[in-house]
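Beneath this line is the structure, given in structure tokens, with notes to follow.
The values are calculated or read from the model by the stated rules, or taken from the named source; none is laboratory data. Since we're looking at a predicted model, the values are computed, not measured. Counting neighbours? That spans all protein chains shown, and the Cβs are built from the backbone with ideal geometry, glycine included. Ligands, DNA and RNA are stripped out before the accessible areas are found, and what is left, the full protein with its side chains, is counted by its heavy atoms. Shrake-Rupley method; radii C 1.70, N 1.55, O 1.52, S 1.80 Å.
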Amino acid sequence: MTARTLDINSSALNGATYDSEKRELVLDWLGGAYAYSGVPEEVADELENAGSQGRYANMIKHEYSFRRV
């Protein structure tokens, strides 16, 4: 299994998972969950370690194509 749950502590996000095989990051925002395509594992790691995970997730939202899940 290649998906892992990220350690998220954010007022903007309920949680996040990353699938390294698919290079897909699923962000569970307060308003719904979205899957972001083509996300490198380093970006998922940076999100997990970001000082402001909500701010970092907003950057991801604008950089990668996504679909609602």
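Annotation: of all residues in the stretch 1-57 being assigned to a strand (DSSP E or B) and among the aromatic types (Phe, Trp, Tyr), the one that is farthest from residue 67 (Cα to Cα) is 18.
Residues in the stretch 58-69 that are surrounded by 14 or more Cβ atoms within 10 Å (Cβ to Cβ), of a type in the set (A, V, I, L, M) and not in a helix (DSSP H, G or I): 0 in all. Could you check the stretch 30-60 and list, in sequence order, the residues that are of a type outside the set (Asp, Glu) and touching a helix residue (DSSP H, G or I) at 6+ places or on another chain (Cβ under 8 Å)? Those that are of a type outside the set (Asp, Glu) and touching a helix residue (DSSP H, G or I) at 6+ places or on another chain (Cβ under 8 Å): 34, 36, 39, 43, 47, 50, 53, 56, 57, 60.
Among the residues of the stretch 21-44, those identified as acidic (Asp, Glu) and open to solvent by less than 60 Å² (accessible area, probe 1.4 Å) are 24, 28.
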